[in-house]
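Asks: Mind having a look at this structure? Questions to follow.
The values are calculated or read from the model by the stated rules, or taken from the named source; none is laboratory data. This is a predicted model, so every value here is computed, not measured. Counting neighbours? That spans all protein chains shown, and the Cβs are built from the backbone with ideal geometry, glycine included.
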Amino acid sequence: MAERDGNRCSFVGAEGHRCDEVAWIELHHRIPFAQGGDSSVENLELRCKRHNQYQAELDYGAALIEARRRQRDLSDRVREGFDGEGWGHRSDGPSPRARRAG
Ligand SMILES: [Zn+2]
């Protein structure tokens, strides 16, 4: 499959210009896994990291990806907030609140 695609990104732009990126090559599912795509040679092609990301945005919606990114940023901020509230130390165990509840 890699040989078929010439070991480079197989993305073809709107103007018919094929990307010739050979670095950061990843496997791309033409039919997304979530939509019943399999891992057969017919369903896979090579994409550079940039175009794989671009295709994912087309498949799943840029809004969804952006929402996920924001959610991650938010949870990071929440965690920092908890540490600053005087829980005293960073612990991998259950939180004081969970202990009280259990
Ligand atoms: Zn590319």
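Asks: Could you list, in sequence order, all residues of region 48-81 that are of a type in the set (Gly, Ala, Ser) and modelled with pLDDT of 85 or more?
Replies: Within region 48-81, just 67 meets the criteria.
Asks: Okay, next question. Which condition number in (1) among the β-branched types (Val, Ile, Thr); (2) in contact (Cβ under 8 Å) with a residue 40 or more places away in the chain; (3) within 14 Å of the ligand (Cβ to nearest atom) is the one that residue 25 fails?
Replies: (2)
Asks: Where residues in region 28-46 are at pLDDT below 90 and not in a loop (DSSP other than H, G, I, E, B), which of them is nearest to the ligand (Cβ to nearest atom)?
Replies: 28
Asks: Further, regarding this structure: Could you give every pair whose Cβ atoms fall below 6 Å, whose first residue belongs to region 32-48 and is over 13 Å from residue 10 (Cβ atoms), and whose second residue is away from the ligand (no atom under 15 Å from the Cβ) and among the acidic types (Asp, Glu), counting only separations of at least 6 or pairs across chains?
Replies: Sorted first by the residue in region 32-48, then by its partner, the pairs are 32/59.
Asks: Moving on to the next point. What is the residue count in region 9-22 for residues that are within 10 Å of the ligand (Cβ to nearest atom), assigned to a loop (DSSP other than H, G, I, E, B) and farther than 7 Å from residue 47 by Cα?
Replies: So the answer is 5.
Asks: In region 2-29, what residues are out of contact with any Cys (no Cβ under 9 Å at 6 or more places or on another chain) and loosely packed, with under 12 Cβ neighbours inside 10 Å?
Replies: If the condition is that a residue be out of contact with any Cys (no Cβ under 9 Å at 6 or more places or on another chain) and loosely packed, with under 12 Cβ neighbours inside 10 Å, then 3, 4, 7, 14, 15, 16, 17 are the ones that fit.
Asks: Has region 55-69 got at least one residue that is in a helix (DSSP H, G or I), exposed (fewer than 10 other Cβ atoms within 10 Å of the Cβ) and under 16 Å from the mean Cα position of the chain (by Cα)?
Replies: Within region 55-69, one or more residues are in a helix (DSSP H, G or I), exposed (fewer than 10 other Cβ atoms within 10 Å of the Cβ) and under 16 Å from the mean Cα position of the chain (by Cα).
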